[in-house]
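First the structure, in the form of structure tokens, and then the observations on it.
Readers should treat all values here as calculations from the given coordinates under stated rules, not as data from a laboratory. Fair warning: this is a prediction, and the values are worked out from it, not measured in the lab.
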Ligand SMILES: [Fe+2]
């Protein structure tokens, strides 16, 4: 039995209607995202094209009119990645599809009391390698970076409570220890 993006979105709607908290929502979405990643009938070779300055290729598969329940595929270049540590400002579920991606989780090291309101020290604390069959979830304030540690361009399937370009989310500059807003242009694959 196949599992299409539209069936996945139907399931996301059902879960949203249950008004689950973020943790319960992420736990419920994970097996569904894995099922969609493993089905793969939604895959198009065009999704492997890198189309941003950050060395990633983003294809929008679904977004509600109010920007909630956003599903994208993200291709990660092998050599040109320039994605700083960032959070999403919403829950996120990431399923591996092609290649091998290392998700490095970072944590705030300072207590937020610095006189500069945008001061933020972050450091890597753990990592998880994902390939097809693996799924990870991140809470709205979890901070991560991604490395492509396999062969060639990798691809993963990302589901967010809300399109992260419509949330208050941050990227972290580890040289200056400053946080600033992050917006990524979701260019269409067409
Ligand atoms: Fe991310």
| query | What is the Cα convex hull volume of region 5-181 when expressed per residue in Å³? | reply | 119
| request: Using only Cα atoms, tell me the angle between helix 5-17 and the longest principal axis of the chain; keep it within 0 to 90° and round to the nearest 10. | output: 60
| note | Rounded to the nearest 500, the 222 nm mean residue ellipticity computed for the chain from DSSP H runs (n ≥ 4, each -39500 (n - 2.57)) alone is -5500 deg cm²/dmol
| request: Evaluate region 1-61: find the radius of gyration of its Cα atoms, find its Kirkwood radius, and give the ratio Rg to Rh. | output: 1.05
